[in-house]
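The values are calculated or read from the model by the stated rules, or taken from the named source; none is laboratory data. Model, not experiment: these values are computed from the prediction. For neighbour counting, all protein chains shown are included, and Cβ atoms are generated from backbone atoms with ideal geometry for every residue, glycine included. The accessibility values were calculated without ligands, DNA or RNA, using every heavy atom of the protein model including side chains. Shrake-Rupley method; radii C 1.70, N 1.55, O 1.52, S 1.80 Å.
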Amino acid sequence: MTNYFLQAFIYLVAAVIAVPLARRFGLGSVLGYLIAGVVIGPVIGLVGEETSVIQHFAEFGVVMMLFVVGLELEPKMLWAMRNRLMGLGGLQLLLTTGAVMAIALYFGQQSSIAFTIGLIFALSSTAIVLQTFNEKGLSRTDGGRNAFSVLLFQDIAVIPMLAFIPLLALPELVEQAQQAATQMAAQHEEMSLVADLPPWAYAMVMVAAIGILVVGGHYLSRPLFRFVASSGVREIFTATALMLVIGIAALMSLVGLSPALGTFLAGVVLANSEFRHELESNIDPFKGLLLGLFFITVGAGIDFGILWQDLGLILGLTLGIIVLKALVLLLLTPVFKIGQSDRWLFALSLAQAGEFGFVLLSFTVQNHVLPGELAQLLSLVVALSMMLTPGLFILFERVIEPRYCTSEAEREADNIDEHGSVIIAGVGRFGQVVNRLLSANGIKTVVLDHQISQVDMLRRINVKSYFGDATRPDLLHTAGIEEAALLVVAMDNRDSAVELVKYVKHTYPKVKVLARAFDRGHAYLLRDAGADFIQKETLLSALELGADAMKCLGFHPFHVEQQKNTFKRIEKRSSDTLYGAWKDDSSGERFDNNYRKLFIELEETIKAAMARDRNDKYAMSERGWTPPPKGYDELLDGEEPQPLRPPEEEIKP
Amino acid sequence: MSEQQQAVLLLLAHPSQHRSEVNLPLFELAKTIPGVTTVDLYGEYPEFDIDIEREQQRLLAHDVVIFQFPLYWYSTPAILKEWQDLVLEYGFAYGTDGNALKGKRFFCAITAGGKEEAYQAEGYNHFTLRQLLAPLEQTASLTGMRYLPPFALFGARTAVEDGLMALHLKEWRELLTALVAGKLNRRLAAKLEKLNGHLDQIITG
């Protein structure tokens, strides 16, 4: 037991120190984990043998990652991106794989090995690139968007690769492994339902398993989640999410399919579900930690002996790969009309190998596709190319971008129609109307509510909404608060609304927060918490009804409109004073005597403004359209008329 | 000719700015010129509840007043008429004590859909633009403001396609800069049919 604690502690300490440091130096978290692994493994030697065992466990992080990738793949979004995805992404993958494979063949590798190496290096690092784009604000540029579609295609392409690679197994490696296995002990055999079946039955079982996954995911998950969600116990939802992912992984292994493929499919099936964001935010921490662990074990497994021995070769390969990948990407830019500085951003940002490279490497070794020593060498190349990525971004920013400075004005003009998305927290009576107005204007909204009945009801009338508690930071994150322009807070719970405003204004100062207040006191609390815009839920509708009442009593509609506007204006103008009085709570009582006095004053002001007559020249309310005093024209007559210039011409039709 | 720094107030009235091809670029350009205060009337008063006091203070603080608008039915868009009805009060802009605007300069920056030939006695609009703006010219006269002819772009619907924008924007910048610097010869300018096309004659020094 003590031993486990100690080991877990070492891994965690390494991650806690290395990852924040790596991020501070602009290297990204993946590199942080790798460096942590290198330090505790080959450098200090704190961990050793057990890393390969832990790595098997940590690979489950990859399975979870693919589940999350699947969750984020909305069919609609994929369809909209289909040209770039298939064209740009497909061509990149094809050309890079082909080029790398050709070079590997030239150096005398077997064709299956060369092909595998090609696949490994065709992938780029989604984690590093997307993070860097976010940090540097490049996501919305043309280059950034195209890079995203290539990365997305690569992430999807990993699935068939994982399914396909075992077929490339080298007979001699398999034989070796089998010998070793029989020597070790035969009882360690994997559990399998399909080991003894004839091929046709095997195929049937596989099809059936996938069928169960898709149909079950579609029809059974919803009642299950609804049942769990209605219990209101949050950790049980987390348990359900984990149960789902682990269960699918188990089912897939039992029938001899890739667990990653299974969870990916399950993710895609659930991508349209109202539980999507909640699921994602529950799985995310596990995924992140396990992936981190995976990268640490990769780092810990790096053999420095190989690095020093073949330093020249490894450096040469790394640079070669970067140049080759960048060239392929540059070649594609004219075809897809990616111009100017975006072209370079696109090519340089995707020139490294990626974290999936590690995944494929360890997977290929397990499946006897690549010999272990070669995989060691290649994983060094992958790691080095990732470490050079920040350098490529710096090259882009310092050297290439300044040369295209002149085009910046044009680019800004291009982006005007990008309004950004809006997160609406709480879709009760209030949030619904907000959402309807925004959606009707084609504004992208993400609607969240923690009441499953509410979400159900909205889904029934085709309003896409998600189950989840918006006050939870991780859920806000999966709902996309980082990229959102606005957050609308319209939740029924007053206190959590204030908490949410406070949290968002503190953590994401750039996001504008618009909040619904129940009453005056709530409005002040929201204002105190930093909300940018506040509407009291009753004020405007009550004013409308009051105006209707006045019209029923025979007041002229336009006059009523004026009075209403005057009321609104004075109310708005006095809100600062009242807020100041409320905030000054030296007496310990928010609505103290001073406040009450001010409120009574406000009522008096409004009454006085309403009563003003149009004869009063300085009337507040009816100041407009005040006619000049009777007989004023005689006064004007006394004045010398000014000559018009040029002298009046005769105006004739 | 005063060569002091002049404060310029530009009031834009354009109700459908998401469709604007000419007025918005003009307005955006004006924002970048020091000494010019820009006001988007439809933006500030979307419900037409014009703040009379604030608008009068604005007038008092400036030496040159410009109405910028697309010509709607030979006149201003509604909010600019509302603005006049409300802000140009008796006792402020006219009447016995109504001297607040005396001596300020006033003109309109207009975009018109029709070609310049249409705005002629023989054209299908029958009046020149300056003739059509007679109510505004007389308003300036009654309030004691010095009236200047309009800065006008004809054929504005296809100005972008016809490549007229570059020149128009350039002249707009020159005009505003000259106004701020107090380098516009009012006497020469007042006789013209429109300000643009003649800037080299009316800008001094």
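What residue, among those in the range B:85-118 that are more than 13 Å from the chain's Cα centre (by Cα) and among the polar types (S, T, N, Q), is farthest from the other protein chains (Cβ to nearest Cβ)? Of everything passing the filter in the range B:85-118, B:Asn99 is farthest from the other protein chains (Cβ to nearest Cβ). Could you tell me whether the range A:614-629 includes any residue that is part of a helix (DSSP H, G or I), open to solvent by 40 Å² or more (accessible area, probe 1.4 Å), modelled with pLDDT under 75 and within 30 Å of B:Ser141 (Cβ to Cβ)? No - not one qualifying residue is present in the range A:614-629. Per the listing A:Thr141, A:Thr126, the residue uniquely modelled with pLDDT under 85, within 17 Å of A:Leu31 (Cα to Cα) and among the hydroxyl-bearing types (Ser, Thr, Tyr) is A:Thr126.
The residue that is nearest to the other protein chains (Cβ to nearest Cβ), among those in the range A:571-584 that are open to solvent by less than 30 Å² (accessible area, probe 1.4 Å) and free of Cβ contacts under 8 Å to residues at least 40 places away in the same chain, is A:Glu571. Residue selection: B:Leu179 fails the criterion of being closer than 17 Å to B:Leu129 by Cβ, assigned to a helix (DSSP H, G or I) and away from every other protein chain (no Cβ under 14 Å).
Count of the range A:7-45 residues, restricted to those that are open to solvent by 100 Å² or more (accessible area, probe 1.4 Å) and either farther than 19 Å from A:Gly288 by Cα or at pLDDT below 85 (or both), is 4. Against the test of being more than 15 Å from the chain's Cα centre (by Cα), touching a residue at least 40 places away in the same chain (Cβ under 8 Å) and not in a loop (DSSP other than H, G, I, E, B), the options B:Arg173, B:Arg157 yield a single qualifying residue, B:Arg157. Applying the criterion of being among the charged types (D, E, K, R) and farther than 21 Å from A:Gly299 by Cα to the residues of the range A:50-99, the residue that is most open to solvent (accessible area, probe 1.4 Å) is A:Lys76. Every listed requirement among (1) away from chain A (no Cβ under 12 Å); (2) in contact with a strand residue (DSSP E or B) (Cβ under 8 Å, 6 or more places away or on another chain) is met by B:Leu167 save one, (2).
What residue, among those in the range A:456-490 that are within 14 Å of A:Val501 (Cα to Cα) and among the hydrophobic types (A, V, I, L, M, F, W, C), is nearest to the chain's Cα centre (by Cα)? Here the answer is A:Ile481. For the criterion of being touching a His at 6+ places or on another chain (Cβ under 6 Å) and over 18 Å from A:Gly431 (Cβ atoms), A:Thr478 passes. Within 30 Å of A:Val268 (Cβ to Cβ) and in the same structural domain as A:Ala383 (by TED's automatic domain parsing): is that true of A:Ile35 in this structure? Against the criterion (within 30 Å of A:Val268 (Cβ to Cβ) and in the same structural domain as A:Ala383 (by TED's automatic domain parsing)), A:Ile35 does not qualify.
Of the residues B:Pro15, B:Pro34, B:Pro25, the single one that is touching a Leu at 6+ places or on another chain (Cβ under 9 Å), touching a residue at least 40 places away in the same chain (Cβ under 8 Å) and outside any strand (DSSP E or B) is B:Pro25.
The strands (runs of 3 or more DSSP E) located wholly in the range A:426-493 that include 2 or more residues which are within 29 Å of A:Phe133 (Cβ to Cβ) and touching a Gly at 6+ places or on another chain (Cβ under 8 Å) occupy A:445-449, A:486-489. For the range B:132-150, the set of residues classified as within 11 Å of chain A (Cβ to nearest Cβ) and not in a strand (DSSP E or B) consists of B:Leu132, B:Ala134, B:Glu137, B:Gln138, B:Ala140, B:Ser141, B:Leu142, B:Thr143, B:Gly144, B:Met145, B:Leu148, B:Pro149, listed by residue number. Looking at the structure I just gave you, is B:Leu153 touching a His at 6+ places or on another chain (Cβ under 6 Å), within 14 Å of chain A (Cβ to nearest Cβ) and either at negative phi or open to solvent by less than 60 Å² (accessible area, probe 1.4 Å) (or both)? Answer is no for this residue. For the range B:4-54, enumerate the residues that are open to solvent by less than 20 Å² (accessible area, probe 1.4 Å) and within 12 Å of chain A (Cβ to nearest Cβ). Selection gives B:Tyr45, B:Ile50, B:Ile52.
Checked against (1) assigned to a loop (DSSP other than H, G, I, E, B); (2) surrounded by fewer than 18 Cβ atoms within 10 Å (Cβ to Cβ), B:His62 passes all but a single condition, namely (2).
Among the conditions (1) assigned to a helix (DSSP H, G or I); (2) aliphatic (A, V, I, L, M); (3) over 22 Å from the mean Cα position of the chain (by Cα), the only one that A:Met65 does not satisfy is (3).
Evaluating B:Leu129 against the criteria (1) at pLDDT 90 or above; (2) within 11 Å of chain A (Cβ to nearest Cβ) leaves one unmet condition, (2). Which residue, of A:Ser258, A:Ser230, is small (Gly, Ala, Ser), open to solvent by 70 Å² or more (accessible area, probe 1.4 Å) and assigned by TED's automatic domain parsing to the domain that holds A:Ser281? Within the list A:Ser258, A:Ser230, the selection yields A:Ser230.
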